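For reference, the structure discussed in these notes is given below.
The values are calculated or read from the model by the stated rules, or taken from the named source; none is laboratory data. Please read all numbers here as calculations on a predicted model, not as lab measurements. Neighbour counts run over all protein chains shown; Cβ positions are idealised from the backbone, glycine included. Calculation scope for accessible area: heavy atoms of the full protein, side chains included, ligands and nucleic acids excluded. Shrake-Rupley method; radii C 1.70, N 1.55, O 1.52, S 1.80 Å.
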Amino acid sequence: QVQLVESGGGLVQSGGSLRLSCTASRNILGVLYVAWYRQAPGKQRELVATISGGGSTNYQDSVKGRFTISTDGSSYTVYLQMNSLKPEDTAVYYCAIPQFGSWGQGTQVTVSS
């Protein structure tokens, strides 16, 4: 089991940027993949982006070209750089390692118009 803690959320104006961090309680080098999800009020949780253990990335169509998922050299942290934010990006963002069933507590992102 591994614990995940997200940080970096906040309130930003439309067009602004935020960088979310997901820090693991232990080295996650070699996991199949790490994912960022989000859940907006009244909506189902949706997959935003994934990064594999080999560094391959995938994105939901609505965030392609605006969001970037990456890891740092320590193998403990995964980032989600979010640029050109839109009001529809407002949600609670969660990181997860599905193979371990591990989820963070979430961080709120609010984008004002």
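At 1.4 Å probe radius, can you tell me the per residue accessible area of the chain in Å²?
51
Can you list the HN-Hα couplings for region 4-14, worked out from phi with the Karplus curve (6.51, -1.76, 1.60; θ = phi - 60°), rounded to whole Hz and with x for Gly and Pro?
Each residue of region 4-14 in turn: 10, 10, 8, 7, x, x, x, 9, 9, 7, 3 Hz.
Using a 7 Å offset from Cα along Cα-Cβ at residue 47, what residues in region 90-113 end up with backbone N under 11 Å from the label point?
It comes to 98, nothing else.
So what J values fall out for region 106-111 if you push phi through Karplus, 6.51 cos²θ - 1.76 cosθ + 1.60 with θ = phi - 60°, rounded to Hz, Gly and Pro as x?
Residue by residue, region 106-111 yields x, 9, 7, 10, 10, 10 Hz.
Sequence gap at least 6, Cα distance under 8 Å: using those rules, report the relative contact order of the chain to the nearest whole percent.
This gives 38 percent for the chain.
Taking the Cα centre of region 1-86 as origin, work out the dipole magnitude from +1 charges on Lys and Arg Cβ and -1 charges on Asp and Glu Cβ, in debye rounded to 20.
I would put it at about 180 debye.
With θ taken as phi - 60° and the coefficients 6.51, -1.76 and 1.60, list the Karplus ³J(HN,Hα) couplings across region 74-84 in order, rounded to whole Hz; mark glycine and proline as x.
Residue by residue, region 74-84 yields 7, 6, 10, 10, 10, 10, 10, 7, 10, 10, 6 Hz.
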